[in-house]
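> Below: one structure in C-alpha cells.
The values are calculated or read from the model by the stated rules, or taken from the named source; none is laboratory data. Bear in mind that the values here come from a model prediction, so they are computed numbers and not experimental data. Heads up, the Cβs are rebuilt from the backbone with ideal geometry, glycines too, and the neighbour counts pull from every protein chain shown. The protein model used for the area step is the full one, side chains on, heavy atoms only, and it has no ligands, DNA or RNA in it. Shrake-Rupley method; radii C 1.70, N 1.55, O 1.52, S 1.80 Å.
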Amino acid sequence: MSVEQQSPAAPVSTPVDGVEVLGALSPSRAGDFLSCPLLYRFRTIDHLPEPPSPDAVRGTVVHKVLEDLFDLPAEQRTPDRARTLLEPAFDLLAEQEPALREMFAEDGPEAATWLASCRSVLERYFTLEDPRRLEPAERELYVETLLDSKLLLRGFVDRVDVAPDGAIRVVDYKTGRSPSEMFEAKALFQMRFYALVIWRTRGVLPAMLQLLYLGNGEMLRYVPDERDLLATERKVEAIWRAIRAAEETGDWLPNRGRQCDWCAHRAVCPAWGGTPPPLPVAEPADDAS
C-alpha cells in the first residue's frame, strides 16, 4: 500500500530534519506517471474521484486480514482462522467508506461470489508461506527518506522481516496474478523504491525483495545490490523532473494502452474523445518574510 503524493504545484510545506522539501513521491504515483502522465494529473492534481472496484476492495480487505493474522498467536494463524477474519475486515472498511456496500446487492449472489474470490486468494497465501513460522518485524510500515535533491520518497511497506543476523526482507502482497517476464521490471520498481528508502533510513541494504502473487499462487524474489538502488534513485529523480516539467508546461500527455481498459477517467481523456477539466489554479505561496 502507498500514500498519496501531495500536489506538486508548490513545495511541500513540512520540512524534514529542518530541510525544505521540494516535492514528495510514492511508488504508486511514480508508477501512475510512468504509465500515463495524464492519469497522474487526474489523481494527484485534479483529485478526480474514482469509484471503488471489486478488485481494489478485495486487495484492501485481504491485506487487512493478513495484517490481523499476525496479531494472533503463531499456532492460530491458520487458513480457517483467516477466513473468519474476512467479513469483519470488510465490515470495518465499509464503516469507513459506506459506498463500498453499494458495489453489491445486499447478501446477493454478486456479494457471495466476491467473498468466495477473497477466500480463494487467502487460501493461496497459505500455499506460499506458513505464517506460523514467521514473526514479522514490521507490518504496514510507513517509510520515508529525503534525497539530496530535496525530493521526499514515502510509502507503506506491507511487511518487513528481519533475520537474527539483521538481514532484511521486504515483502509485498499482490492479490492479482503474477506478471509476464515483460512486465516484471515494472512490478519490481515498487520494491526497489521501498528498498531504497529502507537503505537510506537504516543504512542496511535489504537482502531480499519478495512479491507474493495471491491471484495465481506464485512468488517473485529479487536480491538487490547497491548499483540497483542507486539506479532506482536516479530513475525516481528523473520521474520527478519530468513531473515538474509537465507542471510548468501544463502538457500532461495521455498514454493510450491496455491500462485504459480499467481507467475510471476515459470520459474526460482526450485519447478517448473526452475533454479534461481545467487545471486547478495554484494558490500563491505565503511570503515567509
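> In what sequence, largest accessible area first, do Tyr142, Tyr125, Tyr222 appear using a 1.4 Å probe?
Largest accessible area first, the residues go Tyr142, Tyr222, Tyr125.
> Moving on. Sum -39500 (n - 2.57) across every DSSP H segment of at least 4 residues in the chain, then divide by the residue count to get the 222 nm mean residue ellipticity, nearest 500. Spell out each step's value before the answer.
Working: 7 runs with 110 residues, N = 289.
One gets -12500 deg cm²/dmol as the mean residue ellipticity at 222 nm.
> Here's another thing I want to ask about it. Identify, among Ala112, Gly257, Gly176, the residue whose Cα sits farthest towards the positive end of the charge dipole of the chain, taking +1 on the Cβ of Lys and Arg and -1 on the Cβ of Asp and Glu, with the dipole about the Cα centre.
Gly257
> If you don't mind, another one. Report the Cα-based extents of the range 96-187 along its three principal axes, largest first, to the nearest Å.
Computed over the range 96-187, the largest-to-smallest principal extents equal 52, 36, 34 Å.
> Which one of Ser149, Ser53, Ser26 has the biggest mean-square fluctuation once the chain is modelled by GNM with Cα springs under 10 Å?
Maximum fluctuation in the GNM of the chain, among the listed residues, is at Ser149.
> If the only charges are +1 at each Lys and Arg Cβ and -1 at each Asp and Glu Cβ, what is the size of the charge dipole of the chain around the Cα centre, to the nearest 20 debye?
Values: 33 positive and 47 negative charges, 180 e Å.
Charge dipole, the chain, about its Cα centre: 860 debye, nearest 20.
> Enter the per residue convex hull volume of the chain, computed from alpha-carbon coordinates, in Å³ rounded to the nearest integer. Mind showing how you got there, number by number?
On the way: hull volume 46.2 nm³, N = 289.
So the per-residue hull volume is 160 Å³.
> Taking Cα centroids, how far is the range 193-237 from the range 61-122 in Å?
The two parts, judged by their Cα centres, are 28 Å apart.
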